Structure formats: structure tokens, C-alpha cells
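Only one structure is covered here, and it is reproduced in the block below.
Bear in mind that the values in this text are calculations on the coordinates, not laboratory data. For clarity, every value in this text was computed on a predicted model and none was experimentally measured. No Cβ is skipped: glycine too gets one built from the backbone with ideal geometry, and neighbour counts run over all protein chains shown.
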Amino acid sequence: MPLALPDAEIDRILVVTAHPDDADFGAAGTIASWTDAGIEVAYCVATRGDAGGFDDTPREEMPALREAEQRAAAAVVGVKDVTFLDHPDGRVVASEELRRDITREIRRFRPQRLLCQSPERNWQRIAASHPDHRATGDAALCAVYPDARNPFAHPRLLAEEGLADWAVREVWMMAAPASLNNHYVDITDTIERKLAALRAHVSQISHLPEMEGMVRGWLSATAAAGGLPEGRLAEVFHVISTA
């Protein structure tokens, strides 16, 4: 199985997700460890989460609310650069337009590592395989290869925006099927910041009074699957090289 590049070789990481809160449920503990190590992290969110929420908040207010929640959550784990692509929540497809938009962010930020959602259906955790997650993951992988590194792809990005080609060295995927997971990250030391980031998404978790216990349970089971000592907490990824 491939090994992830050492963090010491990474200066910038782009996190691409479908919705506000996806990065926090899937990887906020790991992201906090990256920013603690001095790595610059940016978020690219395909939608503004307009189809989310569990209360009577007027629909027209939801996008701005969820955008604010994501920016607050990002700040908790040391992320300041957050871009929303404004594709329609619940109707994301891996279109040429989404590939172009993600390619733009890759060429702008120029990351060595990209974190996204797995395009594979996870039959053990069907909720992790939201169609928007899979479509955004698929588009992100297409943006990594071949689009962002091909100077002739999306030519207006170079001609009109001055964004030259860029090759991402590796991709980490969240919520992949268990058979594909190959890299575990111990987040015991950053769990409180992950939980604080999740609490920032009030519109999404206010109906979950046992959210903390639920998340700790997931992370504990993940750590056990990765062979970590009892009492440790972990997030897990499918890591691939793009060389």
C-alpha cells in the first residue's frame, strides 16, 4: 500500500468538499495537526449548504448561515482561506463546470496534497456516500488529473486569469470503503478542536444531543481498526500518489 508523503515535504493542502461541515466530520482533527505543523490549508466547498438544516430557518437564509458556520469552524482548526463555489446543494454533478472551478482553486493555491471525499460508494456507511460527496470527489480527482496539470485544459484559466498548470503530488480521500483505507492519523491530541469545529455548525448538529459521544465512538473504532492503542482516536483515509 502507498505511504503518504511526510508532512515535512508539504507546504500547502487544499481540502475539497461538497458541503459546509463535511471537512469537520471527516478530517478536522487531521487538519488541525497539519496547521499546527505550519502547513497552510485552504478549503474549497462546492455548495453553500442551502439544502441543509433541521429547523424552521427560512430557506433563503440558509446559505449565508452555513457559510458563516463553515468559516467559524475553519478558524478553529487554523484555516483562513475558504472558497465557496455555489453549486446547487443536493444536485451536484461532476460536470465540466465543477472540474473547472476546482481546477481554478488548485492552480491558485498550488497544493502538494489534496484532500477530498471518495467517489466510491461506501456500502457500510451509506450516509457517507451522499451523491454530492461522490460527485465532488469525482470532480476533484478529475481536476487533479488531468485538468490542473494540463496547460491546455480550461484554457481561459490561463488566458484570462493567469492561472498556470499545477501538479498535485498526492490525494487523500475521506469516507472511502474500508477495503480501500490505507492511512490512519492519530487525532487524540486534536479531538477537542475537531469537536469545537463541529459545534460551530449549529444548524446541522443542534438536533444531535449526543454528537460528541457519537463522534468519539466513530474515532475510537477507527483507531482500533488501525491498530492504535486502546484509548486513542483516529481518522482514516484512502491515500494515493498522483505521480
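Take P63 and tell me if it is surrounded by 16 or more Cβ atoms within 10 Å (Cβ to Cβ), out of contact with any helix residue (DSSP H, G or I) (no Cβ under 9 Å at 6 or more places or on another chain) and not charged (D, E, K, R). Criteria met by P63. Every listed requirement among (1) in contact (Cβ under 8 Å) with a residue 12 or more places away in the chain; (2) surrounded by fewer than 19 Cβ atoms within 10 Å (Cβ to Cβ) is met by V41 save one, (2). Exactly one residue out of R113, R71 is crowded, with 19+ Cβ neighbours inside 10 Å, among the basic types (K, R), within 29 Å of L163 (Cα to Cα) and in contact with a strand residue (DSSP E or B) (Cβ under 9 Å, 6 or more places away or on another chain): that is R113. Contact map, the range 118-137: residues that are under 13 Å from L98 (Cβ atoms) paired with residues that are basic (K, R) and assigned to a loop (DSSP other than H, G, I, E, B), Cβ distance under 7 Å, separation 6+ or inter-chain. Pairs shown: R134/R121. Of the set (1) within 26 Å of E212 (Cβ to Cβ); (2) surrounded by fewer than 19 Cβ atoms within 10 Å (Cβ to Cβ); (3) in contact (Cβ under 8 Å) with a residue 40 or more places away in the chain, all apply to A51 but (3).
Among the residues making up the range 23-44, a single one is closer than 28 Å to V93 by Cβ, in a helix (DSSP H, G or I) and touching a Gly at 6+ places or on another chain (Cβ under 9 Å): I31. Yes or no: the range 148-170 includes at least one residue that is touching a helix residue (DSSP H, G or I) at 6+ places or on another chain (Cβ under 6 Å), within 18 Å of A18 (Cβ to Cβ) and surrounded by fewer than 23 Cβ atoms within 10 Å (Cβ to Cβ). Within the range 148-170, none of the residues are touching a helix residue (DSSP H, G or I) at 6+ places or on another chain (Cβ under 6 Å), within 18 Å of A18 (Cβ to Cβ) and surrounded by fewer than 23 Cβ atoms within 10 Å (Cβ to Cβ). Filtered by the rule that a residue be within 17 Å of the chain's Cα centre (by Cα), farther than 22 Å from A32 by Cβ, in a helix (DSSP H, G or I) and not acidic (D, E), the range 62-113 gives L98, R99, I102, T103, R104, I106. For E235, indicate whether it is more than 23 Å from T35 (Cα to Cα) and either of a type outside the set (F, W, Y) or more than 16 Å from the chain's Cα centre (by Cα) (or both). No, not satisfied.
Hey, can you tell me all the residues within the range 1-22 that are part of a loop (DSSP other than H, G, I, E, B) and either crowded, with 19+ Cβ neighbours inside 10 Å or under 9 Å from the mean Cα position of the chain (by Cα) (or both)? Within the range 1-22, I10, A18, H19, P20, D21 qualify.
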